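The next block holds one structure in the form of structure tokens; read it before the comments.
The values are calculated or read from the model by the stated rules, or taken from the named source; none is laboratory data. Predicted model only: the values in this text are computed from it and were never measured. Here the Cβ is made from the backbone with ideal geometry for all residues, glycine too, and neighbour counts use every protein chain on show. Protein only, heavy atoms only, side chains kept; ligands, DNA and RNA dropped before computing areas. Shrake-Rupley method; radii C 1.70, N 1.55, O 1.52, S 1.80 Å.
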Amino acid sequence: MSAPPIPLDQLQASAVQASALLKALSNPTRLLLLCQIGQGEYCVGELETLTGIRQPTLSQQLTILRAEALVSTRREGKQIYYRIASTQALAVMQVLIEQFCQSENGATP
């Protein structure tokens, strides 16, 4: 016996949420940042060094990720640390890493 169909209004709300997440992920710079932040918590200086993204662009893209509630922050002295805040974003990132970041032998580079 199959499960009952999901109500249309619930499907529509889910589609809006998924679309917003995919829109945020559609920018290569934001995607790179989420790949990095998905591996741990980093401050802006560390992210700049690890990704090669210059500070003005980095700040702009981190602001968008914060506005979309994909990352959250904590302050320690003068440093602001970023971490993944969205379980949905992390799940999508894990699939993307599996599909696009595996070497030929199946290991993550």
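At-a-glance table
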| item | result |
| --- | --- |
| Estimated 222 nm signal from helices in the chain, with DSSP H stretches of n ≥ 4 weighted -39500 (n - 2.57), rounded to 500 | -18000 deg cm²/dmol |
| The chain - accessible surface per residue (Å², probe 1.4 Å) | 69 Å² |
| Pairwise FRET efficiency - Lys78 versus Gln36, Cβ, R0 = 25 Å, nearest 0.05 | 0.75 |
